[in-house]
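A short write-up of the structure that comes next.
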Amino acid sequence: MTVELIDTRTERLGRAQEFAALHRQAEQFYARQMRILDTHDVAAWGGLFTEDATLDLPFLPEPVPARTGLTRYPRAGAARRRRAGHRLTHWVGRLDLLPGHDHALRTRCSALVHAPSDESESQALHMGGGKSLYVCVMEDALVPSRGEWRIAHRRVLRDDLA
């Protein structure tokens, strides 16, 4: 009986490089998404979701079609902030991903929502230049679509709304 040995080191290196490339793509996807959120471009944000995507938000009783939910809820909040002269910035970190079947990705990351202070605001916002409003955890199912990642399902968790 002849046994053929496989160079497992080479296989592991190949898998590690493939995973690193996927992780880099996911990081770029979320960085782009946060820039879109910072500019309140709801149409561009909606374009990051598949046509049939669902959005599960902590303040809603059940998941909604993502594009409908994105139009209804964030647009109203963005309009209120603009009228009041406030802006938000978003930061994503602690990204974890699990490659799935059919080239899909399951991701989980933390998103910090921050209200930077303007020079015209009172010094009550500390010398750090603003305040963190809340931290969300996003659990996404990402699928490849037209050469880019799209969100097929998003679940948002917030400790302050639990």
Original post:
What tally of residues in region 4-63 results from selecting those that are touching a residue at least 12 places away in the same chain (Cβ under 8 Å) and surrounded by fewer than 10 Cβ atoms within 10 Å (Cβ to Cβ)?
Top reply: 1
**OP:** Can you give me the ranges of the strands (runs of 3 or more DSSP E) entirely in region 1-117 with at least 3 residues that are at pLDDT 85 or above and farther than 22 Å from D159 by Cα?
**Re:** 49-56
Subject >> Of all residues in region 153-162 being closer than 16 Å to C109 by Cβ and not basic (K, R), the one that is modelled with the lowest pLDDT >> reply: D159
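The values are calculated or read from the model by the stated rules, or taken from the named source; none is laboratory data. This one's a predicted model, so the numbers in the text were calculated from it and none came from an experiment. Quick reminder, even Gly has a Cβ in these numbers, built from the backbone with ideal geometry, and neighbours come from all protein chains shown.
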